[in-house]
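The values are calculated or read from the model by the stated rules, or taken from the named source; none is laboratory data. Since this is a predicted model, take the numbers as computed values, not measurements. Quick reminder, even Gly has a Cβ in these numbers, built from the backbone with ideal geometry, and neighbours come from all protein chains shown. Just so you know, the surface numbers come from the protein's heavy atoms only, side chains and all, with ligands and any DNA or RNA stripped out. Shrake-Rupley method; radii C 1.70, N 1.55, O 1.52, S 1.80 Å.
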Amino acid sequence: HEMTAWCLSYKALRGSVCVCEDMTMAFTRVLALCFLALVGSAQCGSVKNPFVIRSGTSFASRPYSSLMTVPNGEQFGLWTWPEMCPDNFFAVGFSLRVETNQYGGDDTALNGIRLFCGQNGDRSFLYTVESNTGYFGEWTDPQWCPSGTLVSFQLRVETHRGMFGDDTAVNNIRFRCSSNPTLEGQGMPWGDYSHWSPECSEGGICGIETKMEPYQGGLDDSALNDVRFHCCSRGGQ
């Protein structure tokens, strides 16, 4: 028989895994992988695509040099748990979970921020961190620094709309790369940008912590209200 490699992908509980099998492997195993590929949403592309693992709280004890904030976060919700890149990994790209315009329904705009952590310029193997995220919207395509790391950020926030208004809080984010380019997310247009955060003095962004309003059960949801990022230095971890 002709030897052909099949690449099937599935989403496990703790991350996306790409599994390549040869047709000569057991037929039942191939069927099982096909089923998982149908229920999963990950895609296994060319060999140039990175292998990505969800870090979660596995590296939450990583030491950091500073915590970056901005002044225009909103008031609702609570600060949740931090998630950190592994030692000597830094954020090199990001993706946003965004709910699009609901046209009269309850808008929540930005629901989550996912950081992609790489090491020493190698983007073939990445970890992701995101802290707590909201329930609404879809993840955008990742955006990447052409080189270097993410070092500062700016939030677009819609201020509190009053008792009868529809609060959306954080709508979008910009990041500045250590190589100078500025990246703007594919978020929503409501509200305004305020001041930039300070820059990580060396190294780059290595962790994230979000302020989330819990699901309001049919009342007005605002989801992500604020975010702060950890800076880490290179070496000496």
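Structure notes:
- With every protein chain in place, region 76-207: carbon and sulfur % of accessible area (1.4 Å): 48 percent
- Among the GluC sites (Glu not before Pro) within region 166-237, those in coil by DSSP and having at most 14 neighbouring Cβ atoms inside 10 Å are Glu202.
- Solvent-accessible area per residue for region 90-219 (1.4 angstrom probe, square angstrom): 44 Å²
- Listed values for region 134-151 are Karplus-derived 3J(HN,Hα) couplings in whole Hz (6.51 cos²θ - 1.76 cosθ + 1.60, θ = phi - 60°), namely x, 8, 10, x, 10, 7, 7, 5, x, 10, 10, 5, x, 7, x, 10, 6, 10, and x replaces Gly and Pro.
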